[in-house]
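Rule-based calculations on the coordinates, nothing more; no lab input. This is a predicted model, so every value here is computed, not measured. Cβ sites come from the backbone with ideal geometry, for glycine too, and all protein chains shown count toward neighbours.
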Amino acid sequence: MLRAQNLFHNTLQVCVDSFRASLFTRSGPIIRSHLHDACFFTSSSFFFSQEPNIVNAAQAEKEYGVKLKSKFLEKYQDVVENTGVTDPKLAARQHERGKLTARERLQVLLDPGTFREYDSLVTHRCDLFGMQNNRIPGDGVVTGHGKINGRDVCVFAQDFLVVGGTLSQTHAQKICKVLDRAVDAGVPVIGLNDSGGARIQEGVDALAGYAEVFKRNVLTSGVVPQISVIMGPCAGGAVYSPALTDFVFMVNETSHMFLTGPDVVRSVTQEQVTQEELGGAAVHTSRSGVAHVLSNNDIEALSQVRTLISYLPSSWRDMAPTLRPVETDPPTREDSFLNRIVPADPNSPYDMHQVIYRTVDSGEFFEIHKHFAPNILVGFSRMNGQTVGIVGNNPASLAGVLDINASVKAARFVRFCDAFSIPIITFVDVPGFLPGTPQEYGGIIRHGAKLLYAYAEATVPKITIITRKAYGGAYCVMSSKQLRGDINYAWPSAEVAVMGAKGAVGIIFRGLTEEEKERQVEDYEREFLSPMVSARRGYVDEIIQPSTTRRRICEDLVLLANKDESTVREATPQKKHGNIPL
Amino acid sequence: MLRFEHIRHLSTIHVLERSKLSCKLEKYAENAVGKVPVLIGSFTRHFTSKSFTNVSKRNISKVLVANRGEIAIRIMRAAKQLGLRTVAVFSTADRNAVHTRFADQAVCIGPPPSTQSYLNIHSILKAAKETGADAVHPGYGFLSEHVDFAEALEKEGIKFVGPNTKAIRAMGDKIESKRIAKKAGVYIIDGYIGEINSDRQASEVAKEIGFPVMVKASAGGGGKGMRVASNEKELIEAFRICKSEAESAFGDSRLLIEKYIVKPRHIEIQILADEHGNVVYFPERECSVQRRNQKVIEEAPSPLLDPITRQKMGEQAVALAKEVGYTSAGTVEYLVSGLDKSFHFLEMNTRLQVEHPITEAITGIDLAQSMFRIAAGERLHIKQEDISIVGSAIECRIYAENPYNNFLPSVGNIRCYKEPKLEHLKPLSPSLGNRLERLEHLNFNSHGVRVDAGVEEGLDIPIFYDPLISKLVTFGEDRTVALHRMANALDEYVIDGDRLVHNVPFCRAVISNPKFISGDITTNLIKEEWPDGFHGVSLSKDQSYQAMSATAMLYFRDTGYTSTIVKVDNHQEQQFLVRRVNNNTLGFQPIPLDWNGAVPKNATEELVSNSYFKTSILGGGRIELINIETNNNLGVIQVKRLGNSRLDLVASYTVTCFGAKFDVCLRPAYVAVLEKFMKRTDAASQSKILKAPMPGTVRSINVKEKDSVSEGQEVAVLEAMKMQNVLRAPSSGIVKRVFCSQGEILSLDQPLVEIE
């Protein structure tokens, strides 16, 4: 596939469009909206407000025999007036909970004046249980498209103030339409979830609606990035729509996700648990890993979504946008801090965040799953302006060991990067897999296999830096040369071996006395606990000075920019799809 | 041996170290070798003189520096300039320290606690012998004034670069030193030596020494049992009160009477003495700005002294040095009255002082090098008349300590460190002539800044030693210029770490304090100007507008917006609307908004005009330095991005400028109006778990589980950095759990006690 590589074409004006227009960006060169100051928020009522409001229309028409009022408005004046407007009284209820209304959320999320709504007049078709008297245009979800930093996105925002944001058949159809449009247009889709669940009055129609949405989530997966923001309740089957998307954001204290609520839990298992304990944002971002990003409030969450979108390509066919690095942080910058960061003592920790901050453009690292499995770090950054996915074992947490959660976390991230052509940079400092029955019983074998599978399968440029330990099976897993790693570096502090020296000697020289063993340990350390052996065999391409890491990666990314993924793919045998050990 | 070979060697070091100078060196090399030492100041004359090789009677070629941090580096620099090889010693905590790498060789002398490493005479001796060092420089602190150490070295035939043991011993004893001083004709504080038993005796003594007098308990301390009396009536009253206070506080009613110094100032005289009986004195250093009896800011010369007093003080210092047979560098400390410039001997420090760079700056003489020359047995190369004052110099000691919390030491990893260069200001005036070269030799840059630092990015401030980060020295053609440079240097100085707190804001506050600027200060300056402790600097309207506008400019650059609402979280929350005026020149129009976030009716836009904007991004990429110019005033503002990305819609920054530090939040107006609906993460949900505010050793735990405690009650004592810190209960309640025991070593934020 042809790729545009016109890096740095922008002039150094203070305020220019800082995104590079890639060849495949559908919207053409991205132009930043300069309407930011004005707050044009379009709605249907805004559209019709050009009509004069004639007070004596009926009387005058009769008297003068001329048609004064438009036929359309005559009939639908009140419908049109109420469409796209949130009743301030209702809005206050939402505000009291510390939440914004659906339209306010879109206002924050999208560039001002860029939102285009559709299906604002859709109403439900249910005539049972009093629903016939409760038809509100829009039916509890605001859908449309707009721009984020000048790039198109499709959005839907459930409106908790309309029938509790519950999902009816028509509500589902509106969401499906947005998803379809996102696929057709090749732009990301963002869903803001704030819903009471299925509309019970509609029964199976609502369920069918959910299934339709799920199906589209699955079909859209890998085509365009899908992002869900949970900004209120999201319970029962509804949770599967966000779960199928690529990234889930949750707002602290105001959002909840669970399959069965506290009441059901109590009646079935006698377990006393609150909503927050069962499915609060803190739980899902740190313990279950269901959600990826934790935000303190609605505005912060939406601001974070905008930031994430800036890293992502619009669809799998596009390249991620390039953000010109600030001129004071050139790709050639060397940082001697990195020469000192790995402690002399192999057992003392250091924070891999620091390595990342000092390697990437102006220290910007958008961390995914920050609070979940902190022994591995994943997230997006830019190198020389180009989006990269970063994976790094963090020795500051559990010594950087790989466990079930870490493997699953990194595997999903690697697959996302591969699906959307984002190069992967891996920083390796891993002492191995976490031993113990909880891990073995939990299936660390099959979960670890996911990460192995994901790395081996990925065809995007893969650059690996071994900063310290790369022991045993974990060495193989972490983007090793043998798993089609494109460029593998080692710092002089690297130790590539099957295991630590003591353990190895204990196995090889079982019968020896302690003193003899000690000597053997020294031999083993000399032989294997350095990157030299690997470098001699070509398993690492070069041993590099840590301070030059940024420079080397930036150069390699340019080199690998034209890596022809199709030939890599051709080297893989033909098949329908592989069978990742789920 | 210090011979010409060394001098040639020296010139190559200069070429390597200071490429700027290389062209000058070439020029000198063409003429004659003897001219090269122009670079090392006033030694020139000495080198070209005949006497040089004759007097050099001791062979020093390798020196071990028994110290750490900035002073170790300062001394090694001097040694290297003289062509000596250097040996560093380090504890295991200093494995990665700068001084360890700066030396030609390094020897590990023990575990982190200083008693087992830097104070371990045996270890250091062994290191000296192993490396074949023929001299040891002790720096300041640690073993610098330790007689046993000097003697032990002597026994091994290793030269101690410092005074002879006799002088160290004599000056180390406070009473003995006063006796010698008196004998040498140095003014000491008048007082009655012995106890006073009756009112009558008291008034007689007081009349003899002259009012005002100070009555104090001989067992006293901490201000108890101390009274000042300015006439006889007050004296009798003071005598009675003190007697009873002393009795109740110390169980010892003995009283002393001595002369009370009005408006006391701490001023000291540097001397240099060789082994041949020659002694010279240097212009004074004023060290009156002190907190907890520790100097913070020093300047030379003192704004108080006149040439006659200066000469008198100097001559007495020389007399004292001669009396005691002093050798090497030393400092005579005086207490000087701001009222009548009368001065009184306090003590003599037998070492190279922390604040020696300011004396070097105004005289152009390298004191550290001079110590080596004296140690080598050379005759003093300068005469008293060679020493003259040019300009003015100020030094700030930059400590890792919390100025907002009673200067409690702070530790942490230095994530970002950049020394000030002052390139936005005018360079040193060419009218300084050959002093410019001397300043350059003394490590001042062309803009008059010198930073003696022992840290760099990525290093930890260890808990075991003095938390000095660096010494920041500025030189100016006069005091005003020096002050101006210091203020700007402090603004430009970037020291950042996750939990690291430093006293730069406090130094900045002192430098811009009107009392300090006027020069009319006393040792009580900090107590008087900040009676309730330091709570940060409040900015003038202009200053805060500049800071906000500069931050907004970053936001405009990164996001492409042209207006923003700025929320300042200082002490109270304020909101402003900042608009970019146009693209080419940078102007800002902050409008203060009311609490509701709306533009008040009578608001006027104030243009911060002519700001120019230049940024440089620092290590880790999160801190940017912004140079601004407003109304021809140049300034530097430090801005640290707190969020993930430059593109964040809601962007938060920590702004550091003019000694103030505050958070600002920037977002577009249409987002700001919605912010009032957002829940505030309330600070009220504070933890009731008492955590260690710094790493250290638990000295005592004063509560047990199930004890009831009241707010502010002493719960534990934590010792860190040689300091005992009392930890108090954050709230009243019952102790639920005690997490640690006496003697345990805690890391930062480790829980001590939970209160329910």
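Coupling constants for region A:327-338 follow from the phi torsions by the Karplus curve (6.51 cos²θ - 1.76 cosθ + 1.60, θ = phi - 60°), and in residue order they are 5, 8, 10, x, x, 8, 4, 10, 10, 6, 3, 5 Hz; glycine and proline get x.
Pairs over the 26 Å Cα-Cα cut-off, from the set B:K174/B:K263; B:K159/B:K322; B:K471/B:K640; A:K462/B:K640: A:K462/B:K640. Considering region A:79-311, its Cα convex hull presents a mean projected area of 12.7 nm².
What the phi angles of region B:453-463 give under the Karplus curve with 6.51, -1.76 and 1.60, with θ = phi - 60°, is a coupling list of 10, x, 10, 7, 4, x, 8, 8, 7, x, 7 Hz, glycine and proline written as x. The Cα atoms of region A:462-528 define a convex hull whose projected area, averaged across directions, is 4.6 nm². Inter-chain neighbour count for B:671-677: the average number of beta-carbon atoms from partner chains within 10 Å of each residue's beta-carbon is 6. Each residue in B:F444, A:F413 was given a count of other beta-carbon atoms within 10 angstrom of its own, and listing them fewest first yields B:F444, A:F413. Amide H contacts for A:A291 (H built 1.01 Å from N in the peptide plane; partners 5 or more residues away or on another chain; cut-off under 5 Å): A:T285. Altogether, the Stokes-Einstein calculation at 20 °C and 1.002 mPa s, with the Kirkwood radius of region A:62-177 over Cα pairs as Rh, returns a diffusion coefficient of 135 µm²/s. Residue order for A:Y64, A:Y471, A:Y524, fewest other beta carbons within 10 angstrom first, comes to A:Y64, A:Y524, A:Y471.
Whole-Hz Karplus values for region B:263-269 come out as 6, x, 10, 9, 10, 10, 10 Hz, taken residue by residue from phi with 6.51 cos²θ - 1.76 cosθ + 1.60 and θ = phi - 60°; glycine and proline positions read x. Straight-line cross-link reach from B:K706 at under 12 Å between alpha-carbon atoms covers these aspartates and glutamates, not counting any fewer than eight positions away in the same chain: B:E754, B:E756. Please report the spacing between the Cα centers of region A:245-290 and region A:344-409 in Å, no decimals. The distance from the Cα centre of region A:245-290 to that of region A:344-409 comes to 27 Å. Using every pair of separate Cα atoms, the Kirkwood estimate puts the hydrodynamic radius of region B:391-536 at 16.1 angstrom.
Taking only the C-alpha atoms of region B:62-161, Rg followed by Dmax gives 11.8, 32 Å. By the rule of a C-alpha distance below 16 Å, with chain neighbours fewer than 8 residues away ignored, the lysines paired with B:K676 are A:K99, B:K567.
Does region A:411-454 come out rounded, prolate or oblate by the C-alpha gyration tensor, with a ≥ b ≥ c the root eigenvalues, rounded set by a/c under 1.5 and, if not, prolate when a/b is larger than b/c and oblate if not? It comes out oblate by the Cα gyration axes. On the principal axes of its alpha-carbon atoms, the protein assembly as shown has extents of 119, 86, 72 Å, going from largest to smallest.
In this simple spin-label approximation, B:R58 and B:T480 carry label points 7 Å from Cα along the Cα→Cβ vector, and these lie 4.7 nm apart. By DSSP, the beta bridges lying fully in the protein assembly as shown are antiparallel in about 75 percent of cases.
Compute the relative contact order of region B:246-376 as a whole-number percentage, counting only Cα pairs closer than 8 Å that sit 6 or more residues apart in sequence. Worked out over region B:246-376, it gives 27 percent. When the helices of chain A are scored as -39500 (n - 2.57) per DSSP H run of n ≥ 4 and the total is divided over every residue, the value at 222 nm lands at -10500 deg cm²/dmol.
The convex hull built on the alpha-carbon positions of region B:301-412 has an orientation-averaged projected area of 9.9 nm².
Check each of the trypsin sites (Lys or Arg not before Pro) in region B:294-403 and keep only those in coil by DSSP with at most 12 other C-beta atoms within 10 angstrom; list them in order. Let's see the in-between values first.
Numbers: sites: B:K295, B:R310, B:K312, B:K322, B:K341, B:R351, B:R373, B:R379, B:K383, B:R397; in loops: B:K341, B:R351, B:R379, B:K383.
For trypsin sites (Lys or Arg not before Pro) across region B:294-403 that sit outside H, G, I, E and B with at most 12 neighbouring Cβ atoms in 10 Å, the list reads B:K383.
For region B:645-680, applying the loop criterion from DSSP together with a ceiling of 16 other beta carbons within 10 Å to the trypsin sites (Lys or Arg not before Pro) yields B:K679, B:R680.
Note on A:K75: lysines with a C-alpha under 20 Å away, same-chain residues under 8 apart excluded, are A:K62, A:K67.
Short-range pairs are left out: with C-alpha atoms under 8 Å and at least six residues apart, the relative contact order of chain A is 10 percent.
Database remark: amide H of B:Y334 closer than 5 angstrom to the amide H of B:I267, B:E268, B:I269, B:L346 (H placed geometrically; neighbours at sequence offset of 5 or more, or on other chains; Pro and chain starts carry no H). Across region B:233-263, the residues whose backbone nitrogen lies under 15 Å from the label position 7 Å along the beta-carbon direction of B:K207 are B:233-236. The relative contact order of region B:62-161, computed from alpha carbon pairs under 8 Å that lie at least 6 residues apart in sequence, is 29 percent. Where does the Debye-calculated log10 I(q)/I(0) of region B:464-510 sit at q = 0.18, 0.23, 0.24, 0.27 Å⁻¹, using only Cα point scatterers of equal weight, no solvent? Scattering profile of region B:464-510, log10 relative to I(0): -0.62, -0.89, -0.94, -1.09. GluC sites (Glu not before Pro), restricted to region B:129-184: which are DSSP loop and have at most 15 other Cβ atoms within 10 Å? Filter output for region B:129-184: B:E156.
Pairs spanning more than 22 Å between alpha-carbon atoms, out of B:K216/B:K341; A:K481/A:K563; B:K295/B:K541; B:K259/B:K515; B:K62/B:K129; B:K312/B:K341: B:K216/B:K341; B:K295/B:K541; B:K259/B:K515. Panel note: the C-alpha atoms of chain A, placed on their principal axes, show extents of 114, 65, 47 Å (largest first). Residues whose amide H falls under 5 Å from that of B:Q713, counting only those 5 or more places apart or on a different chain, are B:A729, with hydrogens built in the peptide plane.
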